[in-house]
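Enquirer: Before anything else, here's the structure in question.
Please treat every number below as a calculation from the coordinates, not as lab data. The shown structure was predicted, so the numbers you read here are calculated from the model rather than taken from an experiment. Note that each Cβ is placed from the backbone with ideal geometry, even for glycine, and that neighbours are counted across all protein chains shown.
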Amino acid sequence: MRRFTVFLAILSVTNTVLAADSELAKHIIVPAGWKGEQISLPPSFAKEMQFNGIEEARFSPGMFQEKSETFFSYFFVFKIDPGSELTQKNIERELLTYYQGLSRAIFNSRKKKIDTSQFTCKLTKVIPVDPQKIYPQGLTEYSATVNWTEPFVIQKPQTLNLIIQAWTGKTTKHGYLFVCVSPQDIKTNIWQSMRNIRGTFYRNLQK
């Protein structure tokens with residue numbers, strides 16, 4: 001619990017909860033035990049990011065428990081102001097900057113130094129395989145890996161698997177990224193749990 005509190009404290013250094021944009025949050029329904037936060041983009045820990053908007057993040061019950069099957073498993077949704085191009089190159093740049101900044105901020109809070117220059121983020125375009133096929137119009141999916149140093153628990157190099165779905169709202173022109181994250185193999189149960197949550201989000205979004 002303390003690690004989660006520290007995490008939210010870091011996220012909220014210069015960010016305020018954007019209560020006025022409760023519309024996005026109300027579409028996200030998660031099982032009991034998941035926790036979360038809404039912050040502004042760019043976040044205080046990664047001011048170099050070029051996307052502007054909000055992030056809704058939800059963390060699995062085992063997020064900060066090293067021995068849990070859902071260790072560091074979570075998802076987040078970026079709602080990005082109109083005008084940003086959601087190209088593969090831009091998404092790679094923004095996510096790399098995000099994880100570099102997050103790791104650096106947490107290590108700094110522990111009064112430790114970390115070299116983030118070797119962190120990597122690599123996206124590969126894939127065909128969505130969700131059998132429900134409940135997708136916003138124009139959606140593009142990527143699989144990705146982020147190689148970074150996990151700063152909260154193990155404080156060691158870690159490879160994260162990501163499934164990223166990106167689209168632009170037909171009417172509002174806001175950009176969206178729905179990103180599922182876990183170091184677990186893509187076939188493990190946590191991925192099905194996140195896909196189920198994502199499917200509910202899409203159904204709610206289209207109502």
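Enquirer: Cross-link partners among aspartates and glutamates for residue 112, C-alpha distance below 15 Å, same-chain residues fewer than 8 apart left out?
Expert: Partners found: 150.
Enquirer: Between 106, 51, 143, whose Cα lies farthest towards the positive end of the dipole of the chain when Lys and Arg beta carbons carry +1 and Asp and Glu beta carbons carry -1, centred on the Cα centre?
Expert: Toward the positive end, the furthest listed residue is 106.
Enquirer: Please give me the summed charge of the neighbours of residue 121: other residues whose Cβ is under 13 Å from its Cβ, Lys and Arg +1, Asp and Glu -1.
Expert: Values: positive: 89, 93, 122; negative: 92, 94.
Cβ neighbours under 13 Å give a net charge of +1.
Enquirer: Roughly how many debye, to the nearest 20, is the charge dipole of the chain about its Cα centre, given +1 on each Lys and Arg Cβ, -1 on each Asp and Glu Cβ, and no other charges? Walk me through the numbers before you get to the answer.
Expert: Details: 26 positive and 17 negative charges, 54 e Å.
I would put it at about 260 debye.
Enquirer: For the range 62-164, which GluC sites (Glu not before Pro) are in a loop by DSSP, counting at most 16 other Cβ atoms within 10 Å?
Expert: On the way: sites: 66, 69, 85, 92, 94, 141; in loops: 66, 69, 85.
Taking the range 62-164 and a limit of 16 other Cβ atoms within 10 Å, the loop GluC sites (Glu not before Pro) found are 66, 69, 85.
Enquirer: Next up: Among (i) 57; (ii) 37; (iii) 49, only one was calculated for this model; which label is it, if the read-out is percent of Cα pairs over 24 Å apart?
Expert: Computing percent of Cα pairs over 24 Å apart and matching it to (i) 57; (ii) 37; (iii) 49 gives (ii).
Enquirer: Something else now. Kindly flag which residue pairs out of 170/207; 173/207; 35/173; 35/170; 26/170; 79/125 have an alpha-carbon separation exceeding 25 Å in this structure.
Expert: Details: 170/207 14 Å; 173/207 18 Å; 35/173 29 Å; 35/170 30 Å; 26/170 20 Å; 79/125 20 Å.
Those over the limit are 35/173; 35/170.
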